[in-house]
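Trainee: Here it is: the structure, laid out below.
The values are calculated or read from the model by the stated rules, or taken from the named source; none is laboratory data. As the structure is a computational prediction, the values presented were derived from the model and not from experiment. Counting neighbours? That spans all protein chains shown, and the Cβs are built from the backbone with ideal geometry, glycine included. Only protein heavy atoms, including side chains, enter the accessible area calculation; ligands, DNA and RNA are left aside. Shrake-Rupley method; radii C 1.70, N 1.55, O 1.52, S 1.80 Å.
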Amino acid sequence: MTGTRTRTIELAPARSAEVTLAESGTGRTALVLHGGGGPATVQGIASHLSGAMHALTPVHPGWDGTARPGWLSSIGDLAGAYLRLLRDEGHHRDVLVVGSSIGGWIGAEMAARDDAGLISGLVLIDSVGVLVDGQPIRDFFALDARGVAEYSFYDADRFYVDPATVPPEQAAQRAANMATMRVFAGDPYMHDPGLPGRLGQVQIPVLALWGDSDRIVTPGYGQALAAAFPHAQFTVISQAGHLPQLEQPGATFGALDAFIRKNPGRPAA
């Protein structure tokens, strides 16, 4: 991202927690939340949004070699910490939250907890977080490298990486990221039983953006998740899987831009 600034800030000063935060651009605040693949999977989203917005992209504690304090062990913990971060950093209103995969789950949890009205729009990109009858969430932890590619992408061959070709340092980081994801989303697996009952109280506009070939969480799952919100639209990205921003960035950014134009946020006080 051009003009990106990276800093480490206190996520919860009283509890000795820090977060690495990349920021770029100016304007309305956009909080961009990555999934299990780490911040690189949403870098393109943040770069795109920074052309007209102030994009903030945290590295969730425990990912990419960052420290995770013991008390930070659930998606709810992350959601509460990021709401505090927004308040502490002066983002008191009109925040757009964009989350990919478990980042979407964090965003949904934030919106459900946002009593202060900080968030004015929510984008869920192939998000997890709820259970849907007849649409099970694929057990990501049980997949090998080929399985991850086959279930996550429309064009699996393009994104498959032979584990034998991965440098040891990178392989170790991926393993550590997976271990961290197990802490946050392993039990119960990739969902919060209490979340669906609270999504009906979220009154902001929501976009559920889904790859038509996602076999981690299917488009049917996405439609059901969108239906849980009072003001949500569901949009499918063709020839894309679980990370449409990587496979079809043009279509993904186009749908994101259209949602922002339709829902430009709250007017200045």
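Trainee: Counting only DSSP beta bridges with both residues in the chain, tell me the antiparallel percent, nearest 5. Kindly include the intermediate steps, with their values, before the conclusion.
Mentor: Values: 13 of 37 bridges.
In the chain, approximately 35 percent of DSSP beta bridges are antiparallel ones.
Trainee: Would you mind calculating the gained length between Glu18 and Asp139 on full extension (0.36 nm times residue separation, minus the Cα-Cα distance), in nm to one decimal? Walk me through the numbers on the way to the answer.
Mentor: Values: separation 121, 0.36 × 121 = 43.56 nm, distance 3.01 nm.
Extra length from Glu18 to Asp139 when fully extended: 40.6 nm.
Trainee: With labels modelled as points extended 7 Å from the Cα through the Cβ direction, what inter-label distance (nm, one decimal) is found for Tyr160 paired with Arg215?
Mentor: Each label point is offset 7 Å from its Cα along the Cβ direction, giving 1.2 nm.
Trainee: Further question on the same structure: When the expected Rg is taken as 2.2 N^0.38 Å, what fraction or multiple of it is the alpha-carbon Rg of segment 116-269? Intermediate results must be reported in sequence, preceding the final value.
Mentor: On the way: Rg = 17.0 Å, N = 154, 2.2 N^0.38 = 14.9 Å.
Dividing the Cα Rg of segment 116-269 by 2.2 N^0.38 Å gives 1.14.
Trainee: Which order do Thr29, Thr4 take when ranked by solvent-accessible area (1.4 Å probe, heavy atoms of all protein chains), largest first?
Mentor: Working: Thr29 15, Thr4 50 Å².
Descending accessible area places them as Thr4, Thr29.
Trainee: With the crude spin-label approximation of a point 7 Å out along Cα→Cβ, what separation in nm comes out for Val183 versus Ala227?
Mentor: 3.7
Trainee: Each residue of segment 87-102 in turn: what ³J(HN,Hα) in whole Hz from Karplus with 6.51, -1.76, 1.60 and θ = phi - 60°, glycine and Pro shown as x?
Mentor: Taking θ as phi minus 60°, the curve returns 5, 5, 8, x, 8, 8, 6, 6, 8, 8, 9, 10, x, 10, 6, 5 Hz for segment 87-102.
Trainee: Let me ask another. Counting only residues 5 or more places away or on other chains, whose amide H sits under 5 Å from the amide H of Leu11 once H atoms are built in the peptide plane?
Mentor: Ala17, Glu18, Val19
Trainee: Compute the whole-percent fraction of alpha carbon pairs in segment 51-162 spaced more than 21 Å apart.
Mentor: 49
Trainee: Separate question: Cα convex hull of the chain: how many Å³ per residue?
Mentor: On the way: hull volume 33.5 nm³, N = 269.
With only Cα atoms used, the chain gives 124 Å³ per residue.
Trainee: On a full-extension model of 0.36 nm per residue, what is the gain between Glu169 and Glu10, subtracting their alpha-carbon distance, rounded to one decimal in nm?
Mentor: 54.5 nm
Trainee: Now for a different question. Which order, highest average first, do 159-169, 64-74, 241-251 follow once you tally other Cβ atoms within 10 Å for each residue and take the mean per peptide?
Mentor: Details: 159-169: 10.5, 64-74: 14.4, 241-251: 22.1.
Final packing ranking: 241-251, 64-74, 159-169.
Trainee: Just by accessible area at a 1.4 angstrom probe, what is the order of Val206, Val236 from largest to smallest? Each step should come with its number before you reach the end.
Mentor: On the way: Val206 0, Val236 70 Å².
Largest accessible area first, the residues go Val236, Val206.
Trainee: Under the Kirkwood approximation applied to all pairs of distinct alpha-carbon atoms, what is the hydrodynamic radius of segment 98-196 in Å? Could the numbers behind the result be given before it?
Mentor: Values: mean 1/r = 0.0650 Å⁻¹.
Evaluated over segment 98-196, this radius sits at 15.4 Å.
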